[in-house]
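Step one of this worksheet: look at the structure below.
The values are calculated or read from the model by the stated rules, or taken from the named source; none is laboratory data. No experiment lies behind these values; they were computed from the predicted model shown. As a convention, Cβ positions derive from the backbone with ideal geometry for all residues, glycine included, and neighbour counts pool all protein chains shown.
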Amino acid sequence: MKKIDILQAPFVKEMIATTSNLYRLGWDERNGGNISYLLNEEEVSLFLDVSKVIRQIPMIFDASQLAGKYFIVTGSGKYFKNIVDAPAENLGIVRVTQDGTKLELLWGLENNAVPTSELPSHFMSHIARLAVDPENRVIMHNHASHLLAMTFTHELDEKAFTRTLWQMCTECLVVFPEGISIIPWLVPGTNEIGKATSEKMKETRLVMWPQHGVYGAGKDMDEVFGLVETAEKAAQIYTYVQAQGGIKQTITDENLWKLAEGFGVKPRQGYLD
Ligand code: 2HA
Ligand code: ZN
């Protein structure tokens with residue numbers, strides 16, 4: 001069967017649109033940020049002959065729990081700014097080998113490029129999220145400016161950090177009732193940061209990397225983008241509030257409880273009085 005041009009694939013278009021938006025928002029300077037998006041074989045097969053492997057790419061960790069799975073990923077060292085004009089150089093479609101030690105490249109990553117250096121964090125997070133929610137498909141990392149700034153000025157306690165964000169915009173509790181997690185400062189690109197991030201991903205879809213950025217997870221691009229965008233907006237309001245002289249009044253816990261009831265969400269246990 002004749003294949004459709006891959007650039008017409010909805011998942012390629014979504015990657016281009018999302019990375020362009022993230023660049024425009026200023027959260028992905030230079031090669032900052034990365035996205036991995038789980039695809040199914042049927043949708044990939046409309047566009048690619050999945051028996052044609054371009055090359056194999058080794059991995060530094062065991063991804064056997066994702067054996068046979070397909071992903072579209074951003075490339076290591078690649079700039080989100082450039083993806084729209086050169087998708088095949090900056091994005092790649094890969095499949096995890098049965099033994100979980102390598103990737104098979106099916107499209108993109110031209111000129112010997114490799115997937116994002118944050119692949120351990122992405123794949124370990126996919127494994128963690130899929131265990132909680134089989135519909136999870138997207139992991140996104142970026143350097144959302146106000147959230148990143150908050151990791152310098154706000155106490156790095158998960159409950160306190162979550163409560164501050166919930167108080168900054170009424171929508172926040174509804175969008176991330178489970179709260180936001182925080183890992184210690186760790187070297188990016190390592191298995192260690194991957195393990196720490198994915199441990200937190202068992203509980204929350206948002207994970208802060210102090211003095212670095214944020215991780216988001218969800219079932220589709222809109223959910224993850226909206227999740228990060230909402231937390232980042234709250235962090236921006238926090239920045240303004242601090243600049244305007246600090247909090248004089250806020251959303252009370254009583255109101256947050258009413259909100260949770262009104263929208264049918266369950267706030268993280270122990271986070272509200
Ligand atoms: O890929 O954002 O954390 C560039 C980064 C690393
Ligand atoms: Zn980063």
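Table for the structure above
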| read-out | value |
| --- | --- |
| Selection from segment 44-82 of residues that are more than 14 Å from ligand 1 (Cβ to nearest atom) and in contact with a helix residue (DSSP H, G or I) (Cβ under 7 Å, 6 or more places away or on another chain) | 47, 48, 50, 59, 60, 61, 63, 65, 66, 70, 72 |
| Leading residue by the ranking (farthest from ligand 1 (Cβ to nearest atom)) among those in segment 152-206 that are small (Gly, Ala, Ser) and touching a residue at least 24 places away in the same chain (Cβ under 8 Å) | 179 |
| Residue pairs meeting the criteria (Cβ under 9 Å; at least 6 apart or on separate chains; first free of Cβ contacts under 8 Å to residues at least 60 places away in the same chain and in a loop (DSSP other than H, G, I, E, B), in segment 210-224; second within 16 Å of ligand 1 (Cβ to nearest atom) and acidic (Asp, Glu)) | none |
| Residue in segment 199-214 that is among the polar types (S, T, N, Q), within 14 Å of ligand 2 (Cβ to nearest atom) and in contact with a strand residue (DSSP E or B) (Cβ under 7 Å, 6 or more places away or on another chain) present | no |
| Criterion: closer than 16 Å to residue 145 by Cβ, surrounded by 15 or more Cβ atoms within 10 Å (Cβ to Cβ) and either within 16 Å of ligand 2 (Cβ to nearest atom) or within 21 Å of the chain's Cα centre (by Cα) (or both) - qualifying residue of 165, 173, 186 | 165 |
| Close pairs (7 angstrom Cβ cut-off, 6 or more residues apart or separate chains): within 12 Å of residue 217 (Cβ to Cβ) in segment 115-126, in a helix (DSSP H, G or I) and among the β-branched types (Val, Ile, Thr) anywhere | 121/193; 121/197; 124/197; 125/197 |
| Condition met for residue 120 (under 18 Å from residue 196 (Cβ atoms) and at pLDDT 95 or above) | yes |
| Residue pairs meeting the criteria (Cβ under 6 Å; at least 6 apart or on separate chains; first farther than 13 Å from residue 171 by Cα, in segment 245-268; second among the charged types (D, E, K, R)) | 253/273; 268/178 |
| Strands (runs of 3 or more DSSP E) within segment 1-93 that include 2 or more residues away from ligand 2 (no atom under 16 Å from the Cβ) and under 16 Å from the mean Cα position of the chain (by Cα) | 34-39, 70-74 |
| Any hit, segment 217-235, residues being hydroxyl-bearing (Ser, Thr, Tyr), surrounded by 22 or more Cβ atoms within 10 Å (Cβ to Cβ) and closer than 30 Å to residue 19 by Cβ | no |
| Residues of segment 104-149 that turn out to be among the hydroxyl-bearing types (Ser, Thr, Tyr), more than 13 Å from ligand 2 (Cβ to nearest atom) and either within 15 Å of residue 32 (Cβ to Cβ) or more than 11 Å from the chain's Cα centre (by Cα) (or both), as a count | 0 |
